[in-house]
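Peer 1: Shown below is the structure under consideration.
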Amino acid sequence: MASAPFSRGLHEVAPSCWAWFEPPGSWGLSNSGLVRIGDEVLVIDTQNDVGRARAVRAAATDLGGPDAVTTVVNTHEDGDHWFGNMIFDDARIVATTAAADGMRTLRVDPRRLADVGDEGTALRRWSRWRASIYDYEGWRPVYPTETFEGAHTLKLGGAAVELRAVGPAHTGGDAIVHIPEAGVVYAGDILFHRSTPIVWAGPVSNYVAACDVILSLDPAVIVPGHGPVAGTSGVRETRNYLSRLLEHATRCVEAGTPLEQAYRSFDPGEYRLWSHASRAFQSIRAVYAELRPDLVGLSWQDAMEIVLADDAS
Ligand SMILES: [Zn+2]
């Protein structure tokens, strides 16, 4: 079942565990998880927009009935993992304290997505494209009702679901969801399977450590935040890529190399064919922001302009 095809919709990945895929898994097209325990359904991440959230809710109803969704977990504060919460506002919604804080300080209101970036920029073209494929008609933010830090056990239908805060890494509030009995980890954006990860928050060393937490659980199946279902080798690849990037960026910081030059000289090696290779710019920027903030000198918009101008996929 770990070889579930990467096609849109619901796929069983282990007994009582499903993944909802949104191929090709690029910017904002994220996966959700569904877990049925007794007569309850747990939903992990609620999609980027209203229409996609409704589709996941309908799938959950097919699995367990109209009142089955008792619990939602948002793995982190990026909009593509919680903007659909309004469709699940009758459930308890759980996230890390840092993720809940991040949701309340949104950088971009999705209802004004098309206006992001200056006219003629790659950022504006990207924002328009996103505004054209996502549906925010009637959207309203619905925030977590429960927060946690560190390790946290959820009781569902008499079984245990283990949550683990692993941020700041990809974002400030990352968490993973472990279903021990099924050997499944829902990794959120700690895993972009077969595409280039992006480090918004860092430190990158924490992102590497988050990969190690997943590997220490030795899961049979890992559902990534984006991309097809993975085994532990997929996590190891991401870990290797990030270690390589961290090593390169640290060397550049020590040599006083300008940020853009550090990006242009980065060789991702065997991972160079992963989609969205230019995300490396933002990830290297995160290393600089941690070690030598005086060498960064770029706003979020400036950084995205470089990432998106080079983004062929
Ligand atoms: Zn995401």
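The values are calculated or read from the model by the stated rules, or taken from the named source; none is laboratory data. Computed from a predicted structure; not experimentally measured. When we count neighbours, we look across all protein chains shown, and the Cβ atoms used for this are built from the backbone with ideal geometry, even at glycine. Keep in mind that these areas ignore ligands, DNA and RNA; they rest on the heavy atoms of the full protein, side chains included. Shrake-Rupley method; radii C 1.70, N 1.55, O 1.52, S 1.80 Å.
Peer 1: In segment 9-251, what percent of the accessible surface is made up of carbon and sulfur (1.4 Å probe, ligands and nucleic acids excluded)?
Peer 2: Numbers: 4050 of 8660 Å².
Exposed carbon and sulfur together represent 47 percent of the surface.
Peer 1: Among Pro197, Pro24, Ser265, pick out the residue whose Cα is farthest towards the positive end of the charge dipole of the chain, where Lys and Arg carry +1 and Asp and Glu carry -1 on C-beta, about the Cα centre.
Peer 2: My answer, from the dipole projection, is Ser265.
Peer 1: So, one more: Using the Cα centre of the chain as the reference point, and only Cβ charges (+1 on K/R, -1 on D/E), how large is the resulting charge dipole? Debye, rounded to the nearest 20. Intermediate results must be reported in sequence, preceding the final value.
Peer 2: Working: 27 positive and 40 negative charges, 78 e Å.
That gives a dipole near 380 debye.
Peer 1: Quick check: the distance between the Cα centres of segment 209-270 and segment 58-107, to the nearest angstrom?
Peer 2: Centre-to-centre distance over Cα atoms comes out at 27 Å.
Peer 1: Just round it to a whole percent: the fraction of Cα-Cα distances in the chain exceeding 33 Å.
Peer 2: Numbers: 9858 of 48828 pairs.
When all Cα pairs of the chain are counted, 20 percent exceed 33 Å.
Peer 1: Another question, if that's okay. Using only the Cα atoms of segment 19-61, what semi-axes does the equivalent ellipsoid have when each is the square root of 5 times a gyration tensor eigenvalue? Give whole Å, largest first.
Peer 2: In descending order the semi-axes read 20, 11, 7 Å.
Peer 1: Then there is this: With the contact rule set at Cα under 8 Å and sequence spacing of 6 or more, what percent relative contact order holds for segment 9-251? Kindly include the intermediate steps, with their values, before the conclusion.
Peer 2: Working: 540 pairs, mean separation 41.8, N = 243.
After rounding, I find 17 percent.
Peer 1: Considering only DSSP beta bridges with both partners in the chain, what is the antiparallel share in %, to the nearest 5?
Peer 2: The antiparallel proportion sits near 65 percent.
Peer 1: On to the next question. Over 10 Å intervals from 0, what percent of Cα-Cα pairs in segment 225-313 sits in each interval?
Peer 2: P(r) for segment 225-313, in whole percents per bin: 16, 48, 30, 6.
Peer 1: Would you be so kind as to identify which of Ile222, Ser3, Ala209 lies farthest towards the positive end of the dipole of the chain, taking Lys and Arg as +1 and Asp and Glu as -1 on Cβ and the Cα centre as origin?
Peer 2: In the chain, that residue is Ser3.
Peer 1: Choose one of Tyr134, Val73, Ala91: the residue whose Cα lies farthest towards the positive end of the charge dipole of segment 1-140 (beta-carbon charges +1 Lys, Arg; -1 Asp, Glu; about the Cα centre).
Peer 2: The Cα lying farthest towards the positive end belongs to Tyr134.
Peer 1: Please give the net charge around Glu270, taking every other residue with its beta carbon less than 14 angstrom from that of Glu270, where Lys and Arg add +1 and Asp and Glu add -1.
Peer 2: Here the charged neighbours net out to +3.
Peer 1: When only C-alpha pairs under 8 Å and at least 6 residues apart count, what is the relative contact order of segment 1-79, in percent? Walk me through the numbers before you get to the answer.
Peer 2: Working: 134 pairs, mean separation 17.0, N = 79.
Normalised by residue count, the contact order of segment 1-79 is 21 percent.
Peer 1: Using 1/(1 + (r/R0)^6) with R0 = 51 angstrom and r between the beta carbons of Asp89 and Arg264, what's the FRET efficiency to the nearest 0.05?
Peer 2: 0.65
Peer 1: A follow-up question, please. Out of Gln47, Gln261, Gln282, any idea which swings most in a Gaussian network model of the chain, alpha carbons joined below 10 Å?
Peer 2: Gln261
Peer 1: In addition: Just to confirm, what accessible area per residue do you get for segment 50-202 at 1.4 Å probe, in whole Å²?
Peer 2: On the way: 6030 Å² over 153 residues.
Result: 39 Å² per residue.
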